[in-house]
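Notes follow once the structure below has been shown.
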Amino acid sequence: VLGLLVWTLIAGTEYFRVPAFGWVMFVAVFYWVLTVFFLIIYLTMTYTRIPQVPWTTVGLWFNGSAFALYLSAAIVDASSVSPERDSHNFNSWAASSFFAFLVTICYAGNTYFSFIAWRSRTIQ
């Protein structure tokens, strides 16, 4: 939900005037789609039907890459927001920056828990 807010708050404005928002949009939409994909795999329990895939490793890599790229996107988003550029879009861009950092924190937590699961899986 938070990732959806990030890209909808930007997409509802004239974001194409600030080239840095292209990177933020790419990261937000890409990881939103992948997160929904993995959620569907989890809800349908498809992962139990494909035991060849090391799901704990996939989860660790997914959450780690999402954390790293969302951190860069959140920093770019926050540094691109300025009230002088366009005051009409300022509130949406500032809110998207706030939610981008919240998503970054969520993916950091998921990365930590994925690491714990991966580590306990490799020790066994």
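The values are calculated or read from the model by the stated rules, or taken from the named source; none is laboratory data. Not measured: the values here are computed from a predicted model. Ideal geometry is used to build each Cβ from the backbone, glycine not excepted, and the neighbour counts take in all protein chains shown. Accessible surface areas use protein heavy atoms only, side chains included; no ligands, DNA or RNA. Shrake-Rupley method; radii C 1.70, N 1.55, O 1.52, S 1.80 Å.
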* To do: May I ask you to say which residue of SER114, SER92, SER96 is of a type in the set (Ser, Thr, Tyr) and farther than 14 Å from VAL6 by Cα?
  => SER114
* Among (1) open to solvent by less than 50 Å² (accessible area, probe 1.4 Å); (2) within 27 Å of ARG119 (Cβ to Cβ); (3) touching a helix residue (DSSP H, G or I) at 6+ places or on another chain (Cβ under 8 Å), which single condition is PHE38 missing? -> (1)
* Quick check, is MET25 open to solvent by 50 Å² or more (accessible area, probe 1.4 Å), at pLDDT 90 or above and aliphatic (A, V, I, L, M)? -> no
* Spot the failing condition for THR56; the list is (1) more than 25 Å from ILE105 (Cα to Cα); (2) in contact with a Phe, Trp or Tyr (Cβ under 6 Å, 6 or more places away or on another chain), and only one is missed. => (1)
* **Some residue of segment 6-15 being touching a residue at least 60 places away in the same chain (Cβ under 8 Å) and surrounded by fewer than 14 Cβ atoms within 10 Å (Cβ to Cβ)** => yes
